[in-house]
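So the structure is just underneath, and the comments pick up after that.
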Amino acid sequence: MNQFGSLYRITLYGESHQQAIGVVIDGVPPGTVIDRAMIAEDLKRRNPPLIGTTPRKEPDEVIITSGVVNGIATGSPIHAMIENKNVRSQDYDHLKAQPRPGHADFVANKKYGGFHDPRGGGRFSGRLTAPLVMAGSIAKMFLPYTFSHRLVQVGALTDMDQLDDYLSEIAAAGESVGGIIEVRIDDVPIGIGEPMFQKLDAQLAAMMFSIPAVKGVEIGTGFSGITMTGSDFNDRFVSETGQTASNHAGGVTGGLSNGNPILINVFVKPTSSIAKPQETYAYDTASIRTLAVKGRHDVCIARRAGIVLENAAAIVLADLTLHHRASKPL
């Protein structure tokens, strides 16, 4: 439901236009130095002032109310929250009668009998990725791994040097585009992961698909391996330490890290809220009519989703690393 992990466990709460959003984190090792500046920097990367990103700019000032004393984790649950300050709930009044295509408006209304909070997408909003970023930032503070990400493709564009011009054209047409982001994790030792149902790749995929707008996840070569034979795809060993000649498996074999860089490609769909009018069903008139979506939305969510995916991966690695330490033979 609202929790992920067991030894490094996070519980997310809040909605897009409620007073606050936040996370409770269990399992941070006592003595971990909590770098608030690192959390703030990661949050800034989640909402940069770039072409194609939402004009809704929240200060995202982190408030930590428990689990940290003098900048050091105590071993108690850490509660980190952010107040929502820049909201315009009136932009969503018309959606009670006409759910937005591609959004959770319709299914949430049916599931919760109309009692859900529809403002800004409520519980289904990308705004809830901010607590994920905070939890991932803290995870990276005690993990000895190197995390990075890069934007590989946006719409039809593969030359990221042309991204501003491309997104300006998409915005002028009232449209949106998706993107592919590569997340990379280096320096992970062999054996991280817990088969059968906490395999490293399975947990990474589950976490990535929990993030709004994610519609595809590949580990390593992924779907493009369909044209390869077994001898091409197999990562042949070239040393007694497990070094391989290739990394088609993306750093995971049998659900365990194999010592190679962990590579995850994630497809983030085009933003559902677009300026271009759409013909879609309306409850109040029981007919199809034009919907003009209001509010402040991204032309390309993928442009700022990289740090969300990177820190989400850190949450998974934190939980499974603690399991790995606990499961070592005596």
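Scoring Gln243 on the criteria (1) modelled with pLDDT of 95 or more; (2) in contact with a strand residue (DSSP E or B) (Cβ under 9 Å, 6 or more places away or on another chain) leaves a single failure, condition (1). May I ask you to list the residues in segment 1-45 that are more than 29 Å from Arg296 (Cα to Cα) and among the aromatic types (Phe, Trp, Tyr)? If the condition is that a residue be more than 29 Å from Arg296 (Cα to Cα) and among the aromatic types (Phe, Trp, Tyr), then Phe4, Tyr8 are the ones that fit.
Quick grid of which residues meet (1) buried (at least 18 other Cβ atoms within 10 Å of the Cβ); (2) β-branched (Val, Ile, Thr); (3) in contact (Cβ under 8 Å) with a residue 12 or more places away in the chain:
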residue: Asn260; (1), (2), (3): yes, no, yes
residue: Thr280; (1), (2), (3): no, yes, yes
residue: Ser287; (1), (2), (3): no, no, no
residue: Leu291; (1), (2), (3): yes, no, yes
residue: Cys300; (1), (2), (3): yes, no, yes
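Entry remark, segment 1-51: residues being among the acidic types (Asp, Glu) and closer than 15 Å to Ser137 by Cβ number 3 in total.
Rundown of residues vs (1) in contact with a strand residue (DSSP E or B) (Cβ under 9 Å, 6 or more places away or on another chain); (2) over 26 Å from Thr53 (Cα atoms); (3) not in a loop (DSSP other than H, G, I, E, B), yes/no style:
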residue	(1), (2), (3)
Ala130	yes, no, yes
Met134	yes, no, yes
Ile138	yes, no, yes
Asp161	no, no, yes
Tyr166	yes, no, yes
Glu169	no, no, yes
Glu175	no, no, no
Val183	yes, no, yes
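Within segment 231-250, residues that are touching a residue at least 24 places away in the same chain (Cβ under 8 Å) sit with their Cβ atoms under 8 Å from residues that are loosely packed, with under 12 Cβ neighbours inside 10 Å and in a loop (DSSP other than H, G, I, E, B), at 6+ positions apart or across chains, in these pairs: Asp235/Ala245.
The set of residues in segment 21-59 being at pLDDT below 95 and not charged (D, E, K, R) consists of Asn47, Pro48, Pro49, Leu50, Ile51, Gly52, Thr53, Thr54, Pro55, Pro59. In the set (1) over 30 Å from Asp187 (Cβ atoms); (2) modelled with pLDDT of 95 or more, Val268 fails one condition alone, (1).
The values are calculated or read from the model by the stated rules, or taken from the named source; none is laboratory data. Everything quoted here is computed from the prediction, not taken from an experiment. Here the Cβ is made from the backbone with ideal geometry for all residues, glycine too, and neighbour counts use every protein chain on show.
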